[in-house]
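Rule-based calculations on the coordinates, nothing more; no lab input. Bear in mind that the values here come from a model prediction, so they are computed numbers and not experimental data. All Cβ positions, glycine included, derive from the backbone under ideal geometry; neighbour counts span all protein chains shown.
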Amino acid sequence: MSQEIPQLSIRNIQSSDYPEIKSLMDEVYVDIGGSWSEETITKLIADFPEGQIGIFDNEQLVGMALTLMVDYQKFSNPHQHSDLVDAREHIQNNDKGDALYGLDVIIRKNYRGYRLGRRLYDARKELCKQYNLRAILAGGRIPNYKKYMKELKATEYIQQVASKQIYDPILTFQLSNNFQVKRLLKSYLPEDEKSGGFATLLEWNNILYEPDESVIRSKKTNVRVGAVQWQLRKVESLEDFLSQVEYFVDTVSDYQSDFILFPEFFNASLMGLKEISEQDRAMRELAGYTELLREKLSHLALSYNTNIIAGSMPLIEDNAVYNVSYLCHRDGRVEEQRKIHMTPHEKNDWVLSGGNHIQVFDTDAGRVGILICYDVEFPELSRILAKQGLQILFVPFWTDTKNSYLRVRLCAQARAIENECYVVIAGNVGNLPSVESLDVQYAQSAVFSPSDLYFPHDAVLSEATPNTEMLLFGDLDLVKLKMLHDYGSVKNLQDRREEIYRVDLVNKTDY
């Protein structure tokens, strides 16, 4: 290499590049037989041209990645190099494979230090994503093992390389490129004396991989949510209230929303239909409407083709009253989430009981959870949901003052950051002077995201005007959550020290 700065370009290698390919392989693989034949290389390029990538300095080939398509199930299990390249140097490419297999990444000795290997690995990862393949596999040599054979088993050597106690020119590089060691391969390449015939089976997992399935059955990755900032107002009848509910469902569904979120106790206006001074009796009277409302909202979810989180409403069971949110799926299913923690007002004035179950719900537009108002102020609950694969957390709330609202808002934003998920909050505005404890409300509904490069700079996707009845929409990209989990600036979910602390359910048999 001259003293001038290299003029590098990257492209797929061609059969006409064979003289350069032979020169490169002979230089690097002098200890294991040098270059493959021109026939072998030409056949490989013909079988899978996109997988053969070269870096050139002007016309000189200075780095190269050779790649196959393989069956993941077969090659993620023990195998030998001869299963890929037989004794006659026939390379077994499977054009119907669901994974890439990295045969070689080779860099000229006097070009090392320019991070060319990383460029080739990145190009191979991009190819894996574009082909929608599940992983990249590779059998990695461990050429530095020869120095340690007498004192370390191969597995011990690999562990010490992983912990950076030992440097291995191939394995150290692969680990730094997010490959994971799946197993030790014995007699992988017997002529590789430096590695003792051993190799590591490495895997890079494509987090964007989507298994083949029909478009109709596939789950959405771009999800639209709609939140109703609901105004409490006097209603003349149950029919009057239901017409308001249907108006909002109709309007939100016109925007092709996958979810509609109503606030906590958005049906409280119905308490004004009768004059009842005792608050606990008024709440039990409100519970008398719950079954009908649940059925009506489920019907609306079916009719308007949207999933409805029905805020919350009281439910009487075994003479106890619970605060329950219903998830009305657009396929007709109805699931429930009960509020776990009761505020002093709910316990003392309304005499509500807390639920005992918390879970993530599978929907056609992601894995969702529901935490009703006060529950979002307890980080343990959302952490449990995050361990179950939470993507979107819905928080119907009801707060009377701005400081009460800020407790919900700030905790909801924290839950989005620490659990790497979206959080949607919706609350009530307006007042009902004739109903005890409903004389003032404060709300500013919003959609929050995690705080990282893939999301808005303030981690707020959308927010309503405070104390105004209105609709709020947010478009959620679930693929960005996958990217965040693996490539975020920080990785809150991955970096938990569960050998020191953990959060879990006490009684898992309830699920």
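With viscosity 1.306 mPa s and temperature 10 °C, the Kirkwood radius over alpha carbon pairs of the range 224-510 converts through Stokes-Einstein to a diffusion coefficient of 83 µm²/s. The loop-placed GluC sites (Glu not before Pro) in the range 258-318, going by DSSP, that have at most 14 neighbouring Cβ atoms within 10 Å of their Cβ come out as GLU275, GLU278.
Annotation: amide H of ILE358 has no partner in the under-5 Å range at sequence separation 5 or more or interchain, hydrogens built in the peptide plane. If you plug the beta carbon distance of ASP104 and LYS147 into 1/(1 + (r/R0)^6) with R0 = 30 Å, you get a FRET efficiency near 0.85.
Going by neighbour counts of Cβ atoms within 10 Å, the residues ILE425, ILE53 line up, fewest first, as ILE53, ILE425.
Placing unit charges on the Cβ atoms of the charged side chains and taking the dipole of the range 367-511 about its Cα centre, the candidate lying farthest along the positive direction among GLY427, LEU453, GLN413 is LEU453.
Spin-label model, ASP122 to VAL503: label points 7 Å out along the Cα-to-beta-carbon direction sit 3.6 nm apart. Among LEU505, LEU292, LEU185, sorting on how many other beta-carbon atoms sit within 10 Å of each Cβ, with the fewest leading, yields LEU292, LEU505, LEU185. Proximity of backbone amide H atoms, modeled 1.01 Å from N, is registered between ARG183 and LEU201 at under 5 Å, excluding neighbours fewer than 5 places apart on the same chain.
For the chain, a simple Cβ point-charge model (Lys and Arg +1, Asp and Glu -1, everything else neutral) yields a dipole of about 1480 debye relative to the Cα centre.
In the range 224-510, a dipole from Cβ-located charges (positive for Lys and Arg, negative for Asp and Glu) runs towards its positive end, and of GLN244, GLN441, LEU390 it is LEU390 whose Cα lies farthest in that direction. Our estimate of slack between THR172 and ASP349, defined as 0.36 nm per intervening residue step minus the Cα-Cα distance, is 57.4 nm. Take every Cα pair under 8 Å whose residues are at least 6 apart in sequence, average their separation, divide by the length of the range 375-420, and the relative contact order is 59 percent. For the range 215-300, the Cβ-based charge dipole about the Cα centre amounts to some 480 debye (Lys, Arg positive; Asp, Glu negative; other atoms uncharged). Across the chain, Cα pairs under 8 Å and at least six residues apart give a relative contact order of 10 percent. From the Cα gyration tensor of the range 8-205, with a ≥ b ≥ c the square roots of its eigenvalues, which class applies: rounded if a/c is under 1.5, or else prolate if a/b is larger than b/c, or else oblate? It is rounded, given that a/c, with a ≥ b ≥ c, falls under 1.5. A simple rule links phi to the HN-Hα coupling: the Karplus curve 6.51 cos²θ - 1.76 cosθ + 1.60 with θ = phi - 60°, which for the range 378-390 gives 10, x, 4, 5, 5, 5, 4, 5, 4, 5, 8, x, 4 Hz, with x for Gly and Pro.
Compared with the dominant principal axis of the Cα atoms in the chain, helix 116-130 is inclined by about 50°. Expressed to the nearest 5 percent, the antiparallel share of DSSP beta bridges inside the chain is 70 percent. Counted over the range 224-510, the DSSP beta bridges are approximately 55% antiparallel. Taking Cα atoms only, the orientation of helix 18-28 departs from the longest principal axis of the chain by about 90 degrees. With R₀ set to 25 Å, the beta-carbon distance separating LYS274 from ALA320 gives a calculated FRET efficiency near 0.70. Once the chain from ARG115 to TYR29 is taken as fully extended at 0.36 nm per residue, the excess over their C-alpha distance is 29.0 nm. Any chance you could tell me what percent of the C-alpha pair distances in the range 269-379 go past 24 Å? Beyond 24 Å sits 28 percent of the P(r) for the range 269-379. Ranking ASN507, GLN92, PHE198 by how far each Cα lies toward the positive end of the dipole of the chain (charges on Cβ) leaves PHE198 at the top. Per-residue ellipticity at 222 nm, computed for the chain from helices alone with -39500 (n - 2.57) per DSSP H run of at least four residues, works out to -8000 deg cm²/dmol.
Under a model in which nothing but the beta-carbon of Lys, Arg (+1) and Asp, Glu (-1) is charged, the range 224-510 shows a dipole of about 580 debye around its Cα centre. Each label point was placed 7 Å from the Cα along the Cα-to-Cβ direction; for SER303 and ASN356 their separation is 3.8 nm. Summary value for the range 8-205: 19 percent relative contact order, contacts being C-alpha pairs under 8 angstrom separated by 6+ residues. In this label model, VAL479 and ASN222 are separated by 0.9 nm, measuring between points 7 Å along each Cα→Cβ vector. Were the residues from ASN12 through LYS402 laid out at 0.36 nm apart, the gain over their Cα-Cα distance would be 134.4 nm. Counting neighbouring beta carbons within 10 Å and listing from fewest to most, the residues ILE308, ILE384 come out as ILE384, ILE308. In order along the range 351-361, the phi-based Karplus estimate (6.51 cos²θ - 1.76 cosθ + 1.60, θ = phi - 60°) of 3J(HN,Hα) comes to 6, 8, 10, x, x, 10, 10, 9, 7, 9, 10 Hz; Gly and Pro are listed as x. Report, to the nearest 10°, how far helix 402-419 tilts away from the longest principal axis of the Cα atoms in the chain, using its own Cα long axis and a range of 0 to 90°. Compared with the principal axis, the helix lies near 20 degrees.
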